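The values are calculated or read from the model by the stated rules, or taken from the named source; none is laboratory data. Just so it is clear, the structure is predicted and the values come from calculations on it, not from any experiment. Because the Cβ atoms are built from the backbone with ideal geometry, glycine has one as well, and the counts that use them run over all protein chains shown. Remember, those area values only see protein heavy atoms, side chains included, never the ligands or the DNA or RNA. Shrake-Rupley method; radii C 1.70, N 1.55, O 1.52, S 1.80 Å.
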Amino acid sequence: MTSLTVHEVLERDHFQHATVIAGKEGLTRRIKWVHVMEVTSVKQLLHGEELILSTGFVWKDNVQVFRSIVKQLIQSYAAGLCIEIGTYMDHIPLEIIELANQHQFPIIVFTKEVRFVDITQDLHSLLIAHHYQMISDLEQFSQELNRLLLLPGCLTKILSLLSIKTGMQVIYNPKEAAPIFVPEATEEKRETFMHFLKIQPDGKGLVLQPVRAMDYHFANLSLVPAQHASVSDYDMLLLDRSATAIAQYLLRELYIEEKKRALETEWLYDWLEGKHTEERILSYLVDVDETLIPRGLHVCTCKFKKPHDSYTSSQMTYFMLLMRSMFEQEGFFILSLTTRNKLIIIVLNRRTEENVEERLREAFKRFLQSDILQKETVPEVEKIGVGKHVRLLKDMHRSYDSSLETITMNDKMSINPSLVTYYNDFHIYRMIFHLAKGKELNEFMYDYLDPVIEYDVKNNSNLLNTLKVYMCCNGSKKETAEQLYVVRQTLYHRLEKLEELLGPDFMCSPKRLAIEFAIHAYSYLKQQG
């Protein structure tokens with residue numbers, strides 16, 4: 001026995017001389033606790049499913065007060081009302097009986113004097129005993145779930161156990177597969193259940209428990225009670241334990257799959273080096289997942305704060321499980337391979353290319369916000385470089401090379417303090433980065449900025465910054481003065497000096513473009529010392 005109802009209470013010794021005079025259809029109401037109440041305002045004092053004991057003293061001469069109290073008890077989902085007849089009142093008014101019958105709210109009268117303290121002690125002892133029994137049954141149920149997890153086909157066995165324990169229809173509805181019904185349901189019932197789940201996704205009218213693992217929503221587990229039946233707190237606990245067991249099963253399956261993928265790294269290395277044709281790559285991906293038809297890819301290079309070999313295989317596997325769960329929600333398929341000090345992540349796009357960059361950034365945002373990433377169960381990330389998007393799968397090496405450049409450029413320029421940096425965010429700095437490897441960049445920069453730089457050195461001024469801000473403001477004198485915190489007259493004087501040093505055409509294209517490029521090059525070279 002795991003619950004206490006009004007009907008069961010009536011069988012106790014202290015209720016031998018009790019009579020149900022109203023709400024007989026509500027005798028299956030559950031009782032969580034017993035209260036003695038002699039007040040007129042009770043609604044704010046109750047949590048629901050309490051059995052109320054009263055002498056009727058506060059309403060003995062006022063039917064309207066009596067009616068108000070019964071209404072409050074009904075609205076508070078109280079289990080029932082027990083009244084002692086004879087001391088303060090000798091009958092229950094007909095309109096109160098009609099109100100209770102209308103709402104199936106049990107009213108019980110004691111025809112002989114009873115001690116409320118004896119009733120509360122007896123029922124509370126019984127409730128506590130039921131609670132301990134429920135804990136014992138839950139422990140036994142959990143042990144049975146653990147045993148089933150070690151058996152093949154454990155998913156259906158867990159669903160069957162849940163259905164037997166609750167006596168209800170169980171529906172397991174995964175996000176990426178067909179639903180499972182236990183016990184088996186006819187096609188008509190299946191369609192009815194699934195239609196109801198579709199129009200009531202938040203579970204109204206049934207009990208729904210999400211199955212989650214690694215911050216990913218894998219499925220919904222639902223209980224469908226029989227008509228006019230209710231779901232007890234104990235049933236809810238059974239449902240919660242079952243959902244947790246299924247999540248453990250799914251996590252184990254993902255872990256095994258991830259370990260298997262790790263063994264396929266040799267083929268991926270050849271792909272990374274451009275040794276495979278487009279047709280061969282597509283054939284390989286179909287073997288991995290027959291539904292996978294990539295629309296381009298990105299390669300991300302992930303560096304950790306410690307050497308790769310200092311982390312266990314379990315830590316790396318859980319890291320990839322977390323990443324995969326986040327990226328799959330945004331329409332990506334993940335492959336990975338490891339080198340001595342970094343993890344290479346191949347992000348294959350399943351959806352349209354139009355918003356691929358937005359979805360990729362959203363996936364990384366959710367990934368970095370995960371609580372699991374802050375724990376020692378996964379490696380600590382130092383930085384992640386996201387390479388360019390390539391449409392042809394055989395060109396993966398181009399995206400990989402750009403992901404390495406992204407990390408290097410960010411180290412040299414310190415443009416983005418985030419853990420994740422994107423190749424597409426560097427714009428003109430990509431050209432600067434490559435030109436800086438030779439002497440051309442330095443010569444180009446001095447060809448255009450040398451007069452201004454020399455002027456600043458001789459006069460201890462910062463005319464170069466004025467030039468930079470002026471160009472950033474697209475030649476707007478008002479905006480430039482505001483950003484520099486100077487008056488217009490001061491700015492005009494500086495602009496005249498810039499015209500004198502650079503020529504009156506310094507804001508005309510293509511000379512302006514060359515000067516802007518030289519300013520960015522100057523910033524880069526200055527950072528390099």
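Things to note:
- Taking all protein chains together and a 1.4 Å probe, the residues ARG241, ARG488, ARG212 rank ARG212, ARG488, ARG241 from largest to smallest accessible area.
- Label positions at GLU279 and TYR88, each projected 7 Å from the Cα along the C-beta direction, are separated by 9.3 nm.
- Computed helical MRE - 222 nm, the chain, DSSP H runs ≥ 4 contributing -39500 (n - 2.57), nearest 500: -16000 deg cm²/dmol
- Surface composition of the chain: carbon and sulfur make up 50 percent of the accessible area, probe 1.4 Å.
- Spin-label model distance (nm) - SER68 vs LEU368, 7 Å beyond Cα toward Cβ: 5.9 nm
- Rolling a 1.4 Å probe across all protein chains gives ARG494 an accessible area of roughly 70 Å².
- Cβ-Cβ FRET estimate between LYS43 and GLN104, R0 fixed at 22 Å, reported to 0.05: 0.70
- Share of Cα-Cα pairs in the chain lying beyond 47 Å, as whole percent: 45 percent
- Annotation: extensible slack from LEU138 through GLU187 equals 14.3 nm (criterion: 0.36 nm per residue apart, minus Cα-Cα distance).
- When you count the other C-beta atoms within 10 angstrom of each residue and take the mean per peptide, 19-32, 506-519 line up highest first as 19-32, 506-519.
- The mean sequence distance of close C-alpha pairs (under 8 Å, at least 6 residues apart), as a share of the length of region 297-434, puts its relative contact order at 31 percent.
- Residues of the chain: accessible area per residue with a 1.4 Å probe, Å²: 53 Å²
- Cross-link reach list, lysines versus LYS175, counting only Cα pairs under 30 Å and skipping chain neighbours closer than eight places: LYS157, LYS165, LYS189, LYS198, LYS204, LYS259, LYS260, LYS365, LYS375
- Take TRP267: with every protein chain present and a 1.4 Å probe, its accessible area is about 50 Å².
- When you restrict to C-alpha pairs under 8 Å that are six or more residues apart and normalise by the size of the chain, the relative contact order lands at 9 percent.
- Peptide packing for 48-58, 356-366 was compared via the average number of neighbouring C-beta atoms within 10 Å per residue; ordered from the highest value, the list is 48-58, 356-366.
- Note on ARG488 and ASP447: with the Förster distance fixed at 41 Å, the Cβ-Cβ geometry gives a FRET efficiency of about 0.85.
- Rounded to the nearest 10 degrees, the angle from helix 356-369 to the longest Cα principal axis of the chain is 60 degrees.
- Once the Cα-Cα distance is subtracted from the 0.36 nm per residue extended length, the ASP233 to ASP309 segment shows a gain of 22.6 nm.
- In terms of its C-alpha gyration tensor, region 411-497 comes out oblate, because a/c is 1.5 or above while a/b does not outweigh b/c.
- Virtual paramagnetic centre 7 Å along Cα→Cβ of ASP240, amide N under 16 Å, in region 205-219: 207-212
- The calculated FRET efficiency for the pair HIS397 and ARG512, based on their C-beta separation and a Förster distance of 41 Å, comes to about 0.65.
- Only Lys, Arg (+1) and Asp, Glu (-1) charged, at Cβ; the chain dipole about Cα centre in debye: 1020 debye
- Peptides 343-354, 122-133 ranked from most to least packed give 343-354, 122-133, packing being the mean of other C-beta atoms within 10 angstrom over each peptide's residues.
- Estimated D of region 91-167 in µm² per second, where Rh is the Kirkwood radius over Cα pairs and Stokes-Einstein applies at 25 °C, 0.890 mPa s: 144 µm²/s
- Residues of region 402-432 with amide N under 19 Å of a point placed 7 Å along Cα→Cβ from GLU479: 428
- Extension gain, ARG361 back to GLU253 (0.36 nm per residue minus Cα-Cα distance, nm): 36.1 nm
- Rounded if a/c under 1.5, otherwise prolate or oblate - region 1-127, Cα gyration tensor axes: rounded
- Cα-based equivalent ellipsoid, region 44-202: semi-axes from gyration tensor eigenvalues, Å: 46, 23, 12
- Charge-dipole axis of the chain as Lys and Arg at +1 and Asp and Glu at -1 on Cβ define it, positive-most pick from HIS131, ILE256, LEU73: ILE256
- Gyration tensor (alpha-carbon) shape descriptor, region 134-259, a/c threshold 1.5: oblate
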